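Working notes, structure below.
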Amino acid sequence: MKKLFKRCVIAAVIASSFSALSVSASDKVTQQVLFKNVSIFNGIDNKLYKNSNVLIEGNLIKSISAKDIKANADALIIDGEGRTLMPGLIEGHGHLQMNGTGLADIENNRNWEELAVRSAARAKSALMSGFTTWRDAGGMGAGLRKSIDAGVVDGPRIYSAGAFIGPTGSHADFRNFTTPNETFNGPQTASGRLGVSCTADSIGDIKACARQNFMQGATQIKVMSSGGVASAFDPWQLDAYSQAELAAAVEVADAYGSYVMSHAYSKKSMIRNLEAGVKTLEHGFMFDAEVAKLMEEKGAYITTNMTAFSPYLGEIEAISGSPAASRKAETAQATFKDYLKNVNKYQPKLGFHVDCVGGVATCEQQADHSIYLSGEFIGNYYTLKSMTSTNGEIVKLTGSVLDPYFQAKLGVVAKGAYADLLLVDGNPLEDLTVIGANKKWFDAPARDEIKTMRVIMKDGKIYKNTL
Ligand SMILES: [Zn+2]
């Protein structure tokens, strides 16, 4: 009897605590924000939808209408006065953790705490420059994302690739000339120990590196399938991985419902990647008709750093500091001269990509100038689409199982999408300076904000409002 009474009391307590929970959940009014009188660039169409209203509820876009929208009595009302409301920007290929003057500097002079603190500063700067989502193309795991999502520091949503995967002597090899081989001697580099890079010379090693990355929270895999410019040992012409090796990385990514992004310069490397099932070609400078056709067949994307075609490319610290890298940059630029012509002709699914290695000021200059160059090279509309809806599709290649932001779409102003929005002075389709484009690169003065970016909202939360 006593026992039964005790059980009943416990049951009653549990039941009442559940009902208390459910009452408070249903009573909780979700915060609304109403943007009135805005022109919408929706991330997809080459036009503005004038005189529109957009209601945000919680972290999602609840409704969009040319007619008045009724909001809750306590909703925050923002009168846009005809300004443009657009999707938050998405970096398609960045490296928040790569905070040094070059790869050797990161390997030799930066310990984990400096890299962590600096990457947090970079994340904040990216968000306050309008980048509400960031696809990280190698060099860090999930620690920064977890800290941002938990509200510890401010920054964009992050899709991170974990450690770069590449063979000995590749674009992912940060060792000094005298460092022993990792496979035979264990991780000998700071980059290896800190999860920045993972040296993999066999199919087994590639799979192990990919699995390690996923274990530590990567949302996609990054492989270095060809050589690069800023690294020490690899000619950019190097085709570092065979098709079978690339397929091994794809096999592991597939098992997690995710995909592989691959650093690929040469045509041979691009074709190999596509045949192996790689979904995004990074840089892809030798893009041409044949690659365009295969990309379409495979449903693949390309993301490219437009600064590669700048006459000032050689002034990037990671290149200017090394005579070998400077020479590589010169020969690479000469070989890649048809890229822009081909991209404008075949209009592939192209993602915007800054790819900065360096500190806050350096990367703000490079991002602003990249937007300018992209507008000059491929036009404002294609640029804006690449920074919003196309990069929004690219980050979703991660698949719903691993997607930290599985709830809604990114990179569009649409009903049900995440409320990641910018309100800017002027029309970005006519003038990219309203989102920060700057004709100057290294000689641009340091800035603390983009003044024409009046409201920055991520996940329904306002991070800047100067109205
Ligand atoms: Zn990169």
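Each reported figure results from applying straightforward, stated rules to the coordinates on display, with no laboratory input. Predicted model only: the values in this text are computed from it and were never measured. For neighbour counting, all protein chains shown are included, and Cβ atoms are generated from backbone atoms with ideal geometry for every residue, glycine included.
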Take the alpha carbon atoms of the range 401-419, find their center, do the same for the range 249-308, and report the distance between the two centers in whole angstrom. 24
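Of the beta bridges DSSP finds with both residues in the chain, what % are antiparallel, to the nearest 5? Mind dumping the intermediate values first?
On the way: 26 of 59 bridges.
If we restrict to bridges inside the chain, about 45 percent are antiparallel.
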Residues of the range 317-355 with backbone N under 19 Å of the label point set 7 Å from the Cα of Ala446 along Cα→Cβ are 317-318
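Most exposed first by the Cβ proxy, i.e. fewest other Cβ within 10 Å, how do Ser160, Ser63 rank? It would help to have the intermediate numbers written out before the result.
Numbers: Ser160 29, Ser63 15.
With the sparsest Cβ surroundings first, the list reads Ser63, Ser160.
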Once phi for every residue in the range 447-460 is put through the Karplus expression 6.51 cos²θ - 1.76 cosθ + 1.60 (θ = phi - 60°), the whole-Hz ³J(HN,Hα) values, with Gly and Pro written as x, are 10, 9, 7, 9, 4, 6, 8, 8, 10, 10, 10, 10, 6, x
Just going by the charge dipole of the chain, with Lys and Arg at +1 and Asp and Glu at -1 on Cβ, which of Leu60, Thr433, Asn213 is farthest out on the positive end? Leu60
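Take Thr30, Thr304 and order them by how many other Cβ atoms sit within 10 Å, fewest up front. Write out the running numbers ahead of the final one.
Working: Thr30 12, Thr304 29.
The most exposed by this proxy come first: Thr30, Thr304.
From the helices alone, meaning DSSP H stretches of at least four residues, give me the mean residue ellipticity at 222 nm for the chain, per-run term -39500 (n - 2.57), in deg cm²/dmol to the nearest 500.
Numbers: 16 runs with 170 residues, N = 467.
Counting only the DSSP helices, I get -11000 deg cm²/dmol.
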Between the residues Val229, Leu144, Gly358, the Cα farthest towards the positive end of the dipole of the range 89-398, that dipole coming from +1 and -1 charges on the beta-carbon of Lys, Arg, Asp and Glu, is from Leu144
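In debye, nearest 20, what is the charge dipole magnitude of the chain about its Cα centre with +1 on Lys and Arg Cβ and -1 on Asp and Glu Cβ, if you could check? Intermediate results must be reported in sequence, preceding the final value.
Details: 49 positive and 48 negative charges, 339 e Å.
Its charge dipole is roughly 1620 debye.
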Mind running the shape call on the chain? Use the C-alpha gyration tensor, a ≥ b ≥ c as the square roots of the eigenvalues: rounded below 1.5 for a/c, prolate if a/b tops b/c, oblate otherwise. oblate
Just grab the label-to-label distance for Glu114 and Lys50, each label 7 Å out from Cα along the Cβ direction, in nm (one decimal). 5.5
